[in-house]
Amino acid sequence: MLDEIFELVFDVILEFVPTVILKILLLLVGLAGVAVGVPLLADSPLVGGALTALGAAAVIGVLASWVL
C-alpha cells in the first residue's frame, strides 16, 4: 500500500514538472555535490571522493542526456 501511494505521488510530480526542470535540478545538485566533495577530499577522502564521484556522475548524466 505504501508503494502504491509513493508511485501515485511520484507520477503526479513527474506529470506536472517538465523534464527540463528536473534535469536542471539534478545538474545543480550534481554541481553542489562536486563543490562540497572536492574540499572534503583533504579531511575525509572517503566522503569527499564519494560526493565528488556522485556529483560528477549526475552532471555527466544530465549533460549526456541533453547531447544525445
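Laboratory data are not the source of any read-out in this text; all were calculated from the coordinates shown. What you are looking at is a predicted structure, and each value in this text was computed from that prediction instead of being measured.
Kindly express, to the nearest 10 degrees and within the range 0 to 90, the angle between helix 45-67's C-alpha long axis and the longest C-alpha principal axis of the chain.
50 degrees
Mind pulling up the Rg/Rh value for the stretch 4-63? Radius of gyration and Kirkwood radius, both on Cα.
Value, to two decimals: 1.16.
To the nearest 10 degrees, how steep is helix 2-16 against the longest Cα principal axis of the chain, on a 0 to 90 scale?
90 degrees
Taking 8 Å as the Cα distance limit and 6 or more residues as the minimum spacing, I'd like the relative contact order of the chain as a percentage.
This gives 29 percent for the chain.
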